[in-house]
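Trainee: Let me begin by handing over the structure; questions about it come next.
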Amino acid sequence: MKIITSTEDLAAFCTAAAEHDYVTVDTEFLRERTYYSQLCLVQLAMPGPDDSTGVLVDPLAEGLSLEPLYDLFRDTSVVKVFHAARQDLEIFYVDAQVFPEPLFDTQVAAMVCGFGEQVGYETLVRKIAKEALDKTSRFTDWSRRPLTDAQKTYALADVTHLRRIYEFLAAKLEETGRSRWVHEELKVLTSPETYVTPPREAWKRVKTRTNSPKFLAIVRELAAFREDYAQARNIPRNRVYKDDALVELASNKPKTIEELGRSRLLLREARRGDIADGILKAVKAGSACPPEDLPQPDRSREKLQVNPALADLLRVLLKAKTESAGVAAKLIAPAADLDGIAAGLRDVPALSGWRREVFGADAERLCEGKIALAAKGSDVRIVDLD
């Protein structure tokens, strides 16, 4: 089992990989103690009949640069194959502002090919590669050196079995004409906006019980300070303060260190020093926010009048269409989008792109009274009313 610890060896592997149609990629990382993921291992494999074309790259090795790998990512003649690529892509984008192109995600492809919702790698290995995985090393500390034999075997299996899975799914997509569907889905994974969290937008992820703009102004400032602080020091945002403490602070609006000390949910480290100063400044700034700058919650769906009967019919239609097409229903439309369609919304993803082909066009026709649904045994059929 080859472990690459030098830039020269990595460059040699990537040069060889560039002669093939695809290369499989995976990573092992830690994120429990940092804001950004700490890359601990990169696994790569070229097409081949056995494990000999797979390698482990040690990014913690002194002097090793990942630039040869990034050059391979930029080589559009080689497909880069991942499974559930989002976290892997975030690592590479944060490190070098690079996305693998072209990209293939076997989890997305499997959902399109009828393997269910967010299907796991182990499931695909069992169903497609007809192999079993030893997952005992999954949650080990990948930053420790030397790696154990069990860790190496586990890590390499994540890219060697992936070759058969990719070849099977790619052929299936070609056979069914659904390759374009996967390409549409992958656009969000190769968008910088997916991985960048502007501090001033962080408040939108905080769940609150009130949508008062004045209250949300304080939430916005507290969330922005926390995000800035965590990013600058590369620590988890919850190590600064958790969401429940943030909401408590926005409610109590402490003005002094003494008042801050009365918080029930604030960590002890946050009651003094830079964090305490930042909290007080954020509360003050949020409280003084001018009316024209107050954050406005998205109330676009609050006034919607959902027709519950129509929403139920849309659920039946979705189930029938996705079962017929062999596509995961959740990939087409979550329940909230079905309610939105039933209430008259037409800017939901289910009504555009490849989803429209599978479900959206008939969903609109159902809403317009142009089709009906009929049951025959366990089957649901569409009846044209035009």
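The values are calculated or read from the model by the stated rules, or taken from the named source; none is laboratory data. From a predicted model like this one, the values you see are computed outputs, not experimental measurements. As a convention, Cβ positions derive from the backbone with ideal geometry for all residues, glycine included, and neighbour counts pool all protein chains shown. Side chains included, ligands, DNA and RNA excluded: accessible areas come from the protein's heavy atoms. Shrake-Rupley method; radii C 1.70, N 1.55, O 1.52, S 1.80 Å.
Trainee: Using +1 at the C-beta of Lys and Arg and -1 at the C-beta of Asp and Glu, which of L89, V108, L222 has the Cα lying farthest in the positive direction of the dipole of the chain?
Mentor: It is L222.
Trainee: Now for a different question. Name the residue from V316, P254, S287 whose Cα lies farthest towards the positive end of the charge dipole of the stretch 230-317, charges +1 on Cβ of Lys and Arg and -1 on Cβ of Asp and Glu.
Mentor: My answer, from the dipole projection, is P254.
Trainee: With the alpha-carbon atoms as the only input, what is the per residue convex hull volume for the stretch 57-112 in Å³?
Mentor: Dividing the Cα hull volume of the stretch 57-112 by its residue count gives 85 Å³.
Trainee: Determine the dipole magnitude for the stretch 2-194: charges of +1 sit on the beta-carbon of Lys and Arg, -1 on that of Asp and Glu, nothing else is charged, the reference point is the Cα centre, and the result goes in debye to the nearest 20.
Mentor: Approximately 540 debye in magnitude.
Trainee: For Q305 and Q231, compute 0.36 nm times the residue count separating them, minus their Cα-Cα distance, and round to one decimal in nm.
Mentor: That works out to 22.5 nm of additional length.
Trainee: Return the Cα extents of the chain along principal axes one, two and three, sorted largest first, each rounded to a whole Å.
Mentor: 71, 67, 34
Trainee: Rounded to the nearest 500, what is the 222 nm mean residue ellipticity of the chain from helices alone, with -39500 (n - 2.57) per DSSP H run of 4+ residues and division by all residues?
Mentor: -13000 deg cm²/dmol
Trainee: A further question on this structure: FRET efficiency for E67 and T136, Cβ-Cβ distance as r, R0 = 41 Å, nearest 0.05?
Mentor: Computed FRET efficiency for E67 and T136 comes out at 0.75.
Trainee: Can you give the accessible area per residue of the chain, in Å², using a 1.4 Å probe?
Mentor: Result: 52 Å² per residue.
Trainee: What is the Å³ per residue value for the convex hull set by the Cα atoms of the stretch 1-118?
Mentor: Cα convex hull per residue, to the nearest whole number: 120 Å³.
Trainee: Moving on to the next point. Over the chain, what percent of the accessible surface lies on carbon and sulfur atoms, probe 1.4 Å?
Mentor: Ligands and nucleic acids excluded, carbon and sulfur give 49 percent.
Trainee: Count charges around D141 for me, please; just the other residues with Cβ under 15 Å from its Cβ, Lys/Arg as +1, Asp/Glu as -1.
Mentor: Cβ neighbours under 15 Å give a net charge of +3.
Trainee: What longest region of the chain stays clear of GluC sites (Glu not before Pro) that DSSP places outside H, G, I, E and B and that have at most 15 other Cβ atoms within 10 Å?
Mentor: 132-301
Trainee: Can you compute the FRET efficiency between E292 and A336 using 1/(1 + (r/R0)^6), with r the Cβ-Cβ distance and R0 = 35 Å? Round to the nearest 0.05.
Mentor: Taking R0 as 35 Å, the efficiency between E292 and A336 is 0.70.
Trainee: Additional query: Could you work out the mean projected area of the convex hull around the alpha carbons of the stretch 199-293, in square nanometres to one decimal?
Mentor: Quarter of the Cα hull surface area: 5.5 nm².
Trainee: Could you tell me the number of lysine pairs in the stretch 199-293 with C-alpha atoms less than 18 Å from each other, where the two lysines are 8 or more residues apart or belong to different chains?
Mentor: Value for the stretch 199-293: 14.
Trainee: Give the percent of DSSP beta bridges with both residues in the chain that are antiparallel, rounded to the nearest 5.
Mentor: Bridges in the chain that DSSP calls antiparallel: roughly 65 percent.
Trainee: Given points 7 Å out from each Cα along the Cα-Cβ axis, report the D21 to S77 separation in nanometres with one decimal.
Mentor: 1.5
Trainee: Which trypsin sites (Lys or Arg not before Pro) does the stretch 327-386 hold that lie in a coil by DSSP with at most 16 other beta carbons within 10 Å?
Mentor: R346, K370
Trainee: Then there is this: List the residues of the stretch 69-102 whose backbone N lies under 18 Å from a point placed 7 Å from the Cα of E8 along the Cα-to-Cβ direction.
Mentor: Taking a point 7 Å out along Cα→Cβ of E8, the residues of the stretch 69-102 whose backbone N falls under 18 Å are 69.
Trainee: Rounded to the nearest 0.05, what FRET efficiency do S143 and E364 give with R0 = 45 Å and r taken as the Cβ-Cβ distance? Could you check?
Mentor: It comes to 0.30.
Trainee: A further question on this structure: Express in whole angstrom the spacing between the alpha-carbon centres of the stretch 324-373 and the stretch 108-144.
Mentor: Spelled out, the Cα-based centre of one part sits 30 Å from the other.
Trainee: DSSP loop (so not H, G, I, E, B), at most 12 other Cβ within 10 Å: list which trypsin sites (Lys or Arg not before Pro) in the stretch 55-93 pass both filters.
Mentor: Sparse-neighbourhood loop trypsin sites (Lys or Arg not before Pro): none present.
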